[in-house]
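Asker: Before anything else, here's the structure in question.
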Amino acid sequence: MTVHHARSRGKLPLIRLAAALGLTVALAGAGLVPAAAGPGTSGSAFNVTTNGFAEREVPGVETLTNLSHLDFLLDEVPLEPVKGHSTYGIKQDPTALAPWTYADRNDDGSYRRVGGGSLDPETGHWSQGAFNADDISRSAVVYLRHWQQANDVSSRAKARELLRSLTYLQTTDGENAGNVVLWQQPDGTLNESAEPVELPDPSDAGDSYWLARTVWALGEGYAAFQNEDPKFAQFLQKRLHLALEALNRQSLAQYGDYDIADGERVPSWLIADGADASAEAVLGLSAYLEAAPDDEVARRALRQLSEGVAKMSAGSVGQWPYGAILPWTKSQSLWHAWGGMAPAALAEASTVLERSDWMQAAVRDTAQFTAQLLAAGGPDNGWTPTPADKVQIAYGVDSRLQGLVSTSDATGADGLLELAAVTGAWYFGANRSGEPIYDPDTGVTFDGVDGSGVINRNSGAESTIHGQLSMLALDAHPILKSKALGIDETVSTTGLNVVEAESGTMSGGEVVQPASAWTGEANFSGGAYVLLDKGGQLTVGVPDSDQLRRVYPIVNQDVEPEGSTLWRAEGMKLGSTENGGVGEPGITAVPGKLSPLFLEKFLDPGRAQITGVSDSKVAIDALMLQPLISSIVVDGPAGKSTVYVSAGDKKLKKKIEVPPGYELNQRAFDSTGQLVEINGEEMSHSGQIVILPGGFTVAHLEEG
């Protein structure tokens, strides 16, 4: 028996995995995978010139999209009519296509396709399955978009077969009608209850990520086939309505109701309690309604889901999480990149339904939070609430890229494309490994990079899918593509950093190391915290800095008001934080909330210690420091550029060194990503950078 991957698709198991930094999986070190040239190559060179970036010639590359590896993952699946499961044309064509879940890299650089969990050699079944609805639906979206974008008839045919495969997994009658079975074996057998157990169990017993992604694929499928194959499109429409019927009796039946999560009202009607899952359904419904604008059932579902996603927008420029759309109603202290399509979804839905308030949430997430995320180390997998999960995967990177591109397309905010270029460059070497993660000659996207820069060189369906979605987005935006290709190195990032409370000295307290760092809704940074008694004092040394910094004490606040902690920096009063008063836990896992709390005063440069004195018992996890001006320095064929990100509410100026023979070219963007003309005297070539309140500036040194 071969023991292999066990893929967790429920939110709690995933986050527990991330909390333990277990997403690094099996890592190996080797070079890029050699393979035959695919459809993304030709004998000519890609060459685009853009403002502020030099030309870059990439020999042999006309388009970045290359579906060769995704094609390799596809396999024929026999479809046997069984009770509750059938699909379009099953009598005439009893097979369809589905992608294998994983692809492990062999020593010679080739790949072998594998399923999830352990393999039973007698039955040929995997404890989870070979194929899954999540990857089938998202593969269909890739082929649909490629067909539409490149007029590729092969992608049209594959999209059709994937949609047939996906709808076979949808339950057509009974109490679970409209829901979707997640796993399928190589011989076509459905596996309703995987090992290890996933929720819901059986997998079609309730709404889920895979139901949301089914809506995504069916919506985009209907829009693509509406005129091309009306009969097939009508079938997809019928199945989309079946999925909406399931949502309407499950999560959307709670529309208008709210739960309490640590004292905050959160929507009760999100799919799988998540803005992440719901957003992927929103993408499909937005595409569908553009093709079928008179469908009131779909319009109502789109409005309700989008409204719920928008209500998960949180924080501001100076308050955690800086405008991010939180993914999970059961935590006010956690953001993760996995499934982070919410800004893209709101940008699309706000355009379809003309809701500017939803667009504002998308703009805050992209222009403000994403800028801070990149400056804190790049498109990391999770803030829990500190930027602790340093794993970076294509799903998270693509989600950021899709959000930036969709919001820019909808608002005309050019600054978001500057951030998208830095994000997209992750695939071409601007990551912790310093190596390309995507190979346009093979279509391989590696499975991720861990916090130390080690690459996981396997290339499963999820990574491949989201790599191709990113490439399709870049190919559709040639100027953005050129900018992203002009970057292949992240030289440095200067952003949020964390100092552990247990690194300090204290009186009237102790260091506590819980059995698990994961509380059920957040992580104790470093796996420990300081528990101060009433009157206790904690002094923490902080790294040197040449600029002002915001200070966020991370406190595990109690439900009831419990006094406060006064914070000073070598005599300078920074502010105070409440030790309790977060309110009832409601639907969260545990009472209390572990959260970064705002202090009014900035920490002056040169002050090396911060002291907190509490008038009641309090658990302090860490101090998080945010520079007034964060930065991301990137380099590559287009030359070195720096993105300066503001955490302030006033216009800021910063002097930088301009080497002899160079001139400074800068573009300043406001807190919405819109380009703003700066007074010529302020935009001096002598090295003065202007950063607008809550905005960011891109500076590029050019030979004069």
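Values quoted throughout were computed directly from the atomic coordinates according to the rules given, and no laboratory measurement underlies them. These numbers come from a predicted model, not from an experiment. All Cβ positions, glycine included, derive from the backbone under ideal geometry; neighbour counts span all protein chains shown.
Asker: With a ≥ b ≥ c taken as the square roots of the eigenvalues of the C-alpha gyration tensor of region 174-293, please select rounded if a/c is under 1.5 and otherwise prolate if a/b is larger than b/c or oblate if it is not? Mind dumping the intermediate values first?
Answerer: Working: a/c = 2.22, a/b = 1.19, b/c = 1.87.
Because a/c hits 1.5 or more and a/b fails to exceed b/c, region 174-293 counts as oblate.
Asker: Next up: Classify region 56-171 as rounded, prolate or oblate, taking a ≥ b ≥ c as the square roots of the eigenvalues of its Cα gyration tensor: rounded when a/c is under 1.5, otherwise prolate if a/b is larger than b/c and oblate if not. Intermediate results must be reported in sequence, preceding the final value.
Answerer: Details: a/c = 2.72, a/b = 1.27, b/c = 2.15.
It is oblate, given that a/c is not under 1.5 and a/b is not larger than b/c.
Asker: If only Cα atoms are counted, what is the Rg of region 332-390, and what is its Dmax, in Å?
Answerer: 12.6, 37
Asker: Along the charge dipole of region 216-324, pointing to its positive end and built from +1/-1 on Cβ of Lys, Arg, Asp and Glu, which listed residue (Tyr322, Val266, Pro293) has its Cα farthest out?
Answerer: Result: Pro293.
Asker: Between region 243-312 and region 535-601, how many Å separate their Cα centres?
Answerer: Taking the Cα centre of each part, region 243-312 and region 535-601 sit 34 Å apart.
Asker: At 7 Å along the Cα-to-beta-carbon direction for both Asp173 and Glu62, put a label point, then send me their distance in nm to one decimal.
Answerer: 5.1
Asker: Tally Lys/Arg at +1 and Asp/Glu at -1 over every other residue whose Cβ is under 10 Å from the Cβ of Lys617; what's the total?
Answerer: Numbers: positive: Lys534; negative: Asp533, Asp558, Glu562, Asp615.
In short, -3.
Asker: How much mean residue ellipticity at 222 nm does the chain get from its helices, if each DSSP H run of length 4 or more adds -39500 (n - 2.57) and you divide by all residues, to the nearest 500 deg cm²/dmol?
Answerer: Details: 15 runs with 197 residues, N = 704.
Rounded to the nearest 500, it is -9000 deg cm²/dmol.
Asker: Now a separate question. Per residue, how big is the convex hull around the C-alpha atoms of region 649-703? Give it to me in cubic angstrom, could you? Let's see the in-between values first.
Answerer: Details: hull volume 3.7 nm³, N = 55.
Enclosed volume per residue, from the Cα hull, is 66 Å³.
Asker: A follow-up question, please. In the neighborhood of Leu603, defined by Cβ-to-Cβ distances under 15 Å, what is the net charge if each Lys or Arg adds +1 and each Asp or Glu adds -1? Write down the numbers at each step before the final one.
Answerer: On the way: positive: Arg549, Arg550, Arg568, Lys573, Lys601, Arg607; negative: Asp544, Asp546, Glu570, Glu600, Asp604.
Surrounding charge for Leu603 is +1.
Asker: I would also like to ask the following. Less than 12 Å Cβ to Cβ from Ala281, Lys/Arg counted +1 and Asp/Glu -1: what total charge do the surrounding residues give? The partial results should precede the final answer.
Answerer: Details: positive: Arg213; negative: Asp207, Glu220, Asp276, Glu280, Glu348.
That sum, taken over residues with Cβ under 12 Å, equals -4.
Asker: Continuing with the same structure: How much length, in nm to one decimal, is gained on full extension between Asp108 and Lys640, taken as 0.36 nm per residue of separation minus their Cα-Cα distance? Walk me through the intermediate numbers first.
Answerer: Working: separation 532, 0.36 × 532 = 191.52 nm, distance 3.57 nm.
Result for the pair: 187.9 nm of gain on full extension.
Asker: Any idea how far the Cα center of region 429-499 sits from the one of region 604-675, in Å?
Answerer: The two parts, judged by their Cα centres, are 24 Å apart.
Asker: On C-alpha positions alone, give me the angle between the axis of helix 153-169 and the longest principal axis of the chain, in degrees, nearest 10.
Answerer: 90
Asker: Quick one: helix 209-225 against the long Cα principal axis of the chain, what's the angle to the nearest 10°, folded into 0 to 90?
Answerer: Approximately 60 degrees, to the nearest ten.
Asker: Here are several values of log10 I(q)/I(0) by the Debye sum over Cα atoms at q = 0.06, 0.07, 0.08 Å⁻¹: (1) -0.43, -0.56, -0.70; (2) -0.37, -0.51, -0.68; (3) -0.34, -0.46, -0.61. Which one was derived from the coordinates shown?
Answerer: Only one listed value fits the structure, namely (3).
Asker: For region 106-151, what does the alpha-carbon gyration tensor say about shape, rounded, prolate or oblate, given a ≥ b ≥ c as the root eigenvalues, a/c under 1.5 as rounded, and a/b over b/c as prolate? Could the numbers behind the result be given before it?
Answerer: Values: a/c = 4.07, a/b = 1.73, b/c = 2.36.
Since a/c reaches 1.5 but b/c is at least a/b, the shape of region 106-151 is classed as oblate.
Asker: Where does the longest stretch of the chain lie that holds no trypsin sites (Lys or Arg not before Pro) found in a DSSP loop with 12 or fewer other Cβ atoms within 10 Å? Write down the numbers at each step before the final one.
Answerer: Details: sites that count: Lys83, Lys91, Lys650.
Formally, the longest exposed-site-free interval is 92-649.
Asker: At a Förster distance of 45 Å, what's the computed FRET efficiency of Asp93 paired with Val197, Cβ-Cβ distance as r, to 0.05? Walk me through the numbers before you get to the answer.
Answerer: Values: r = 34 Å, r/R0 = 0.75.
Between Asp93 and Val197 the formula returns 0.85.
Asker: Another one. Helix 133-150 against the longest principal axis of the chain: what's the angle in degrees, Cα atoms only, rounded to the nearest 10?
Answerer: 90
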